[in-house]
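First up is the structure itself, then whatever we jot down about it.
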Amino acid sequence: MLLQSLLQEFEHEVKSTRKLLQAIPEKDISYKPSEKSWTMGELAQHIATIYYWYVGTLTHDEYDIAADRLERGDVNDIEATLALFESNVQQARNALSTLTDQKLQDHWTMKVGDRVVLGPMPRGIVARGFLFNHIYHHRGEMIVYLRATGNKVPGLYGPTYEDQ
């Protein structure tokens, strides 16, 4: 049951993430709200990259993120980021298709080289926190970026005030 819910949520939320990334205008790709913040392009690329992490999280019991090499392209090219997103979503779907209810209970660990940075904990908890919620968090940031630059925000969970 949990697995079916995760799969349905994934497909629903991919559509929302796609709408949000498609709303990013090239003219504002270098915007950043503070010196410590990412640019809009860097944030968009990070959102697209999280979908790639589904593979290491869902198909390995131990994921060394430092050993992973993902060609991301230019952060200032929103079309390249959209292509990265679509490719990573397909890989995430493939990884999700390998899941079972038992695998959601199996322990998982993330490392950066020899250093453990997350886990060990049940893969289902990791999927919810590190993957799903992580994307939602950064989508919220992107909404702030879009509004701060005067851009229209697409409705992700219904109409926005701009639609009324």
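Readers should treat all values here as calculations from the given coordinates under stated rules, not as data from a laboratory. All figures in this text were calculated on a predicted structure; none of them were measured in a lab. Using ideal geometry, Cβ is built from the backbone for each residue, glycine included, and neighbour counts are taken over all protein chains shown.
Sparsely packed loop sites in the range 100-159 (the chymotrypsin sites (Phe, Trp or Tyr not before Pro) outside DSSP H, G, I, E and B with at most 15 other Cβ atoms within 10 Å) comprise Y157. Net length available on complete extension from R128 to T149 is 4.5 nm, with 0.36 nm assigned per residue and the Cα-Cα distance removed.
Looking at the chain alone, DSSP beta bridges between its own residues are antiparallel in about 60 percent of cases.
Can you list the lysines whose alpha carbon is less than 20 Å from that of K15, not counting same-chain residues fewer than 8 positions off? Here the lysines satisfying the reach criterion relative to K15 are K152. Peptides 45-54, 18-27, ordered by how many other C-beta atoms sit within 10 Å of their residues on average, highest first, read 45-54, 18-27. Here each label is just a point 7 Å from Cα along the line to Cβ, and for Q8 and K32 those points are 4.1 nm apart. Treating cross-link reach as a plain straight distance, find the lysines whose alpha-carbon is under 25 Å from the alpha-carbon of K103, omitting any fewer than eight places away in the same chain. Within the straight-line cut-off, K103 pairs with K111. The label-point distance for T59 and Q91, in a model that sets each label 7 Å from Cα toward Cβ, rounds to 0.9 nm. Using a cut-off of under 19 Å, list every residue of the range 132-146 whose amide N is near the label point 7 Å from the Cα of Y161 along the Cα-to-beta-carbon line. Counting only backbone N, you get 140-146. Listed values (i) 123; (ii) 113; (iii) 181 include one computed from this model; for volume of the Cα convex hull per residue in Å³ that value carries the label (ii).
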